[in-house]
1. Given the structure, is ILE72 open to solvent by less than 40 Å² (accessible area, probe 1.4 Å), of a type in the set (Val, Ile, Thr) and at pLDDT below 85?
2. Could you tell me whether GLY137 is outside any strand (DSSP E or B), over 24 Å from GLN38 (Cα atoms) and modelled with pLDDT under 90?
3. Would a scan of the range 50-62 turn up a residue that is in a loop (DSSP other than H, G, I, E, B), out of contact with any Pro (no Cβ under 7 Å at 6 or more places or on another chain) and buried (at least 18 other Cβ atoms within 10 Å of the Cβ)?
4. Does the range 36-49 include one or more residues that are at positive phi and open to solvent by 100 Å² or more (accessible area, probe 1.4 Å)?
5. For the range 81-112: of the residues being open to solvent by less than 10 Å² (accessible area, probe 1.4 Å) and more than 28 Å from GLY11 (Cβ to Cβ), which is farthest from the chain's Cα centre (by Cα)?
6. Within the range 6-16, can one find any residue that is at pLDDT 85 or above, out of contact with any Phe, Trp or Tyr (no Cβ under 6 Å at 6 or more places or on another chain), more than 17 Å from ARG112 (Cα to Cα) and part of a helix (DSSP H, G or I)?
7. Of these, ASP41, ASP22, ASP18, which one is among the acidic types (Asp, Glu), touching a residue at least 40 places away in the same chain (Cβ under 8 Å) and farther than 29 Å from LYS123 by Cβ?
8. Select from the range 17-34 the residues that are assigned to a helix (DSSP H, G or I) and of a type in the set (Lys, Arg) and write down the one among them that is nearest to the chain's Cα centre (by Cα).
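The values are calculated or read from the model by the stated rules, or taken from the named source; none is laboratory data. Predicted model, so just to flag it, every value in this text is computed and none were measured. Backbone-built Cβ (ideal geometry, glycine too); neighbour counts: all protein chains shown. Accessible surface areas use protein heavy atoms only, side chains included; no ligands, DNA or RNA. Shrake-Rupley method; radii C 1.70, N 1.55, O 1.52, S 1.80 Å.
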Amino acid sequence: GFFLNIYVYQGRVFLVGDPPADFREPAVRFAIRQEGLQSLDYCFFPHNSGSPVSDFMAGCSLRVNLIFKPGISSSWVETEVYAGQAVLMGVVEKEEDVLKIAELARNTSGVRSIVNFLLVEGKPYVPPPDSEIISGG
């Protein structure tokens, strides 16, 4: 099997998953044609490279850490963990929250790297450069 999740925040679309190679380009082309699209980013994982149990545990740990971290409103933050790579998406109130959430993800057991697609409310979206992929512990 494969999965492809679609997230939309303020006209910005994020495709995240591990679809087969022949499905990836059509998915991107379809998303680009949607009315109201402001930007499109995607994070496709190597097909069948994840470990469902360890990724599930890392994802749960990350979500719990986000919920109970004081001073961070994470109700508009979504996460995906696959093959130890955490993808952070959503809208936060302040730039500092982006950094705090990235640090929290970096320090979550089972997360080896992160891709940070978090948006700051009211600020223009700038797609992350490749350097935004941050190695974790």
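1. So ILE72 fits the description; yes.
2. Numbers: outside any strand (DSSP E or B): yes; over 24 Å from GLN38 (Cα atoms): yes; modelled with pLDDT under 90: yes.
Yes.
3. Scanning the range 50-62, I find at least one residue that is in a loop (DSSP other than H, G, I, E, B), out of contact with any Pro (no Cβ under 7 Å at 6 or more places or on another chain) and buried (at least 18 other Cβ atoms within 10 Å of the Cβ), so the answer is yes.
4. Yes: the range 36-49 contains one or more residues that are at positive phi and open to solvent by 100 Å² or more (accessible area, probe 1.4 Å).
5. Here the answer is THR108.
6. No, every residue in the range 6-16 fails to be at pLDDT 85 or above, out of contact with any Phe, Trp or Tyr (no Cβ under 6 Å at 6 or more places or on another chain), more than 17 Å from ARG112 (Cα to Cα) and part of a helix (DSSP H, G or I).
7. Numbers: ASP41 fails: farther than 29 Å from LYS123 by Cβ; ASP22 fails: touching a residue at least 40 places away in the same chain (Cβ under 8 Å).
Being among the acidic types (Asp, Glu), touching a residue at least 40 places away in the same chain (Cβ under 8 Å) and farther than 29 Å from LYS123 by Cβ holds for just one of ASP41, ASP22, ASP18, which is ASP18.
8. ARG24
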